[in-house]
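The values are calculated or read from the model by the stated rules, or taken from the named source; none is laboratory data. Quick caveat, the model's predicted, so the values are computed rather than measured. FYI the Cβ positions are ideal-geometry reconstructions off the backbone, even for glycines, and counts take in every protein chain you see.
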């Protein structure tokens, strides 16, 4: 149990285009999902907290108009990188906390974004 | 900022116990300690968490000092597949936010 999936697993896009990444909790309902970014050889950096049915809360320094987050259901959150540029190339990882679980979060496998 | 400090890297012989230390001297009374690990190019994997009592599960044991200022993750019989970056994280207050530090790169060798 407690499986989180992400789609796509990798994506290559041209500069200026927008990319949508999906995060799904497959066997549980997630009231809260989190989005992280990880650059090569660095740790994960929390970008935003996404609560079902409400606006996401962004960490300091993260542009909410650039990284659009939608958490429309208890099993799906999406991150859209708008007008992507090469500096947005990174490993994007989501996590989810189950509605009825303890305190642990379960992470997706990540999405590698490369912007040319 | 992360509230934890960990050694940058550690080595462990296969079959031996791996003891990974973590300092969290500014931890508050209601903040949990979590351990995750990340194998290259994958999402982090949950290992264990605790508040003040020692914890054990099928993967590892977590020993938290009485003053809660440090903890140790113990992998009792390390295997080559345990080679990963191990993150010790203090969950932020009453939120669900996990702020990752730099972690310890554990290399298990034959």
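Annotations for the structure displayed:
- Selected residue (criterion: farthest from the other protein chains (Cβ to nearest Cβ)) from residues of the stretch A:41-66 that are surrounded by fewer than 17 Cβ atoms within 10 Å (Cβ to Cβ), modelled with pLDDT under 90 and in contact with a strand residue (DSSP E or B) (Cβ under 8 Å, 6 or more places away or on another chain): A:53
- Some residue of the stretch A:20-40 being exposed (fewer than 13 other Cβ atoms within 10 Å of the Cβ), under 24 Å from residue B:41 (Cα atoms) and within 13 Å of chain B (Cβ to nearest Cβ): yes
- Any hit, the stretch B:29-37, residues being surrounded by 15 or more Cβ atoms within 10 Å (Cβ to Cβ), touching a helix residue (DSSP H, G or I) at 6+ places or on another chain (Cβ under 6 Å) and more than 9 Å from chain A (Cβ to nearest Cβ): no
- The conditions of being part of a loop (DSSP other than H, G, I, E, B), buried (at least 19 other Cβ atoms within 10 Å of the Cβ), touching a residue at least 24 places away in the same chain (Cβ under 8 Å) and touching a strand residue (DSSP E or B) at 6+ places or on another chain (Cβ under 9 Å) are met by residue A:84.
- Selection from the stretch B:89-109 of residues that are part of a loop (DSSP other than H, G, I, E, B) and touching a residue at least 60 places away in the same chain (Cβ under 8 Å): B:92, B:93, B:94, B:99, B:100, B:101, B:102, B:103
- Taken over the stretch B:50-77, the criterion of being in contact (Cβ under 8 Å) with a residue 40 or more places away in the chain and either within 22 Å of residue A:112 (Cβ to Cβ) or surrounded by fewer than 21 Cβ atoms within 10 Å (Cβ to Cβ) (or both) is satisfied by B:68, B:69, B:70, B:72, B:74, B:76, B:77.
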